[in-house]
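Here's the structure, in structure tokens; my notes come after.
The values are calculated or read from the model by the stated rules, or taken from the named source; none is laboratory data. Because the structure is a prediction, the values reported are computed rather than measured. Cβ sites come from the backbone with ideal geometry, for glycine too, and all protein chains shown count toward neighbours.
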Amino acid sequence: MLIILQHMKTHPTPRTRVRRVADNAAYDTATLYAIIDDAYVCHIAFSDGSNDGSAPHCIPTACWREGGHLYIHGSNGSRMLKRLAESEACVTITHVDGLVMARSAFNHSMNYRSAMVYGQFEAVEGDAKRRTMEAFMEQLLPGRQAQVRGGSDKEYAATTVMRISLEEAACKVRSGGPQDDAEDMSIDTWTGVLPLQRVRAAPIPAEGAGAAPAYVQQWQHGAE
């Protein structure tokens, strides 16, 4: 069943249909899940109805995915989490993979992978809250949850966990080299792609840190 879900194509809604450079659009769950799973942070846009009617905000926050939902967490006192329980939001994630150098200034571009998700968040309660927070830790560093103190009842009580369905979403992806106009091909200048990558640096132990477990030792050489 999981394999089927990862290759499903969703039908774009009026607000997820990509109109600008529509050839770069993707609506399949495999692309969407890969973009989310490669992210540590998402940006959430919402309206704050308590502040001058509907003042807009866009706030970055840690995120993770389980199945067909994207999850976030924060303090019970978070203004954003309170507003997300009341109204719809838009979640975005972007990875920049390279700068594309063309012969014309206006034909320069970027290679990227981006996703937008629309909908309303819902609270995750009880045992499901604990389980998904532990899953979040394991997604960050497999094996870490078993080596640290688990959350206390007080800490979980002070924490809100929310999730949003990934059913209404769209991706936009660009890859490859420059697309020069025919009349610019005679311009003698360098063209191509300047790749960008996220690189894991060497771990920095805190004072009094114990022996580094395998996942720390392998951090710098792990696949991103």
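Overview of values
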{"item": "Considering residues of the range 86-107 that are among the hydroxyl-bearing types (Ser, Thr, Tyr) and assigned to a loop (DSSP other than H, G, I, E, B) only, the residue modelled with the highest pLDDT", "result": "104"}
{"item": "For residue 220: the one exception among (1) within 23 Å of the chain's Cα centre (by Cα); (2) surrounded by 10 or more Cβ atoms within 10 Å (Cβ to Cβ); (3) closer than 19 Å to residue 97 by Cβ", "result": "(3)"}
{"item": "Options 158, 201, 146: the member that is under 25 Å from the mean Cα position of the chain (by Cα) and under 28 Å from residue 125 (Cα atoms)", "result": "158"}
{"item": "Given (1) surrounded by 16 or more Cβ atoms within 10 Å (Cβ to Cβ); (2) free of Cβ contacts under 8 Å to residues at least 24 places away in the same chain, number of the condition residue 113 does not satisfy", "result": "(2)"}
{"item": "Selection count, the range 68-101, where residues are out of contact with any Leu (no Cβ under 7 Å at 6 or more places or on another chain), closer than 15 Å to residue 175 by Cβ and either without any contact (Cβ under 8 Å) to a residue 24 or more places away in the chain or aliphatic (A, V, I, L, M) (or both)", "result": "2"}
{"item": "Every residue from the range 173-217 that is exposed (fewer than 10 other Cβ atoms within 10 Å of the Cβ) and of a type in the set (D, E, K, R)", "result": "183, 188, 207"}
{"item": "Spans of strands (runs of 3 or more DSSP E) in the range 119-224 with at least 1 residues within 30 Å of residue 21 (Cα to Cα)", "result": "159-165, 169-174, 192-195"}
